[in-house]
Amino acid sequence: MDVLEESDELNEVYRLYGIAAHNCSNIEYRIAHLLLGPKWAATKELDAEKVTKIADALYSKPLGALLKEYKQHYEFSEQTIKAMDTILDKRNYLIHRFFGAYGKRMHNKEVPREMIKELTDIIGMFQAASHSLDEGI
């Protein structure tokens, strides 16, 4: 089995991957936070225990499930819905396919630079989406 040699570029790939995952998590957190109001409003006899249970359930959901609920409680333009779908696609790619897309090519010294560029773009996309949600919080 081939082992990747540690390098500054490869370390940067892993650092940026962590930042991208963190920014995606921020999107999930913000959407869950925006859903608290509608969820609490729809709950009969809301008490502290139900408040906590609803919050815990929302903060445990992945982005796809959160976006589905978000679309049910708020109205969005087609452009915004398309942007949400793009963010979800990028999230799924990052989590499930990013490293596989580069596979054995990662031994080539140029490939980590490609990965760094792609991760930088993904981070920018996630940060923009996250900040766009700040207005509702």
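Odds and ends about this structure:
- Condition check for LEU36: buried (at least 16 other Cβ atoms within 10 Å of the Cβ) and either of a type in the set (A, V, I, L, M, F, W, C) or touching a helix residue (DSSP H, G or I) at 6+ places or on another chain (Cβ under 8 Å) (or both): no
- Restricted to the range 1-33, and to residues there that are of a type in the set (Ser, Thr, Tyr) and within 10 Å of the chain's Cα centre (by Cα), the residue that is surrounded by the most Cβ atoms within 10 Å (Cβ to Cβ) is TYR29.
- The set of residues in the range 68-102 that are over 17 Å from the mean Cα position of the chain (by Cα) and surrounded by fewer than 14 Cβ atoms within 10 Å (Cβ to Cβ) comprises GLN72, HIS73, TYR74, GLU75, PHE76, SER77, GLU78, GLN79, GLY100, ALA101.
- Hey, GLU9 part of a loop (DSSP other than H, G, I, E, B) and at pLDDT below 95 or not: no
- First in the range 109-133 and more than 19 Å from ILE87 (Cβ to Cβ), second anywhere and surrounded by 13 or more Cβ atoms within 10 Å (Cβ to Cβ) and aromatic (Phe, Trp, Tyr), Cβ under 7 Å, 6 or more apart: VAL111/TYR102; MET115/TYR102
The values are calculated or read from the model by the stated rules, or taken from the named source; none is laboratory data. Please read all numbers here as calculations on a predicted model, not as lab measurements. Quick reminder, even Gly has a Cβ in these numbers, built from the backbone with ideal geometry, and neighbours come from all protein chains shown.
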